[in-house]
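Data block below; observations after.
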Amino acid sequence: MSFPSKKFEEWQRYALQQVRLQTKHRFFVPVQAEVIIYFGTKGRADLDNRLTSILDMLVESLVLRDDKWQDVPMMQVQAEYRKGEPGAFIRLTELETP
């Protein structure tokens, strides 16, 4: 079992609030996710852990139905350094269903 840190819980509350302010759209079809994760320091950090947290937050905020591969079959992820300004840019695009 893992227990989220207080810092993670604070980030999650803030991120959920930001998503709710920025969009009311719900995706019920498969999407392509384009994500840029901005690292505010050059310290060690895992890109995949950040991406997982973002996808989980999008599901919790009801923007995505789920983050399983059938709902997000296409993903483009990029990491950038922005001194002292961590954050993320997320673009979700509905995919045509056959």
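Some points to look at:
- Only residues that are closer than 19 Å to GLN70 by Cα and either open to solvent by 40 Å² or more (accessible area, probe 1.4 Å) or under 12 Å from the mean Cα position of the chain (by Cα) (or both) were counted in segment 26-46, giving 7.
- Filter result for SER61 (open to solvent by less than 80 Å² (accessible area, probe 1.4 Å), among the small types (Gly, Ala, Ser), within 14 Å of TRP11 (Cα to Cα) and in contact with a Lys or Arg (Cβ under 9 Å, 6 or more places away or on another chain)): yes
- Scanning segment 86-98 for residues that are of a type in the set (S, T, N, Q) and either free of Cβ contacts under 8 Å to residues at least 12 places away in the same chain or surrounded by 10 or more Cβ atoms within 10 Å (Cβ to Cβ) (or both) yields one hit, THR93.
- Number of positions in segment 40-72 that are in contact (Cβ under 8 Å) with a residue 40 or more places away in the chain and part of a helix (DSSP H, G or I): 3
- Test: residue in segment 9-18 that is of a type in the set (Gly, Ala, Ser), part of a helix (DSSP H, G or I) and either exposed (fewer than 10 other Cβ atoms within 10 Å of the Cβ) or touching a helix residue (DSSP H, G or I) at 6+ places or on another chain (Cβ under 9 Å) (or both): yes
- Any chance LYS83 is open to solvent by 80 Å² or more (accessible area, probe 1.4 Å), modelled with pLDDT of 95 or more, farther than 24 Å from THR97 by Cα and not in a helix (DSSP H, G or I): yes
The values are calculated or read from the model by the stated rules, or taken from the named source; none is laboratory data. Note that the structure is predicted; figures quoted are calculated from it, not measured. Cβ: placed from backbone, ideal geometry, glycine included. Neighbour counts: every protein chain shown. Note: accessible area is taken over every heavy atom of the protein model, side chains too, but ligands, DNA and RNA are not part of it. Shrake-Rupley method; radii C 1.70, N 1.55, O 1.52, S 1.80 Å.
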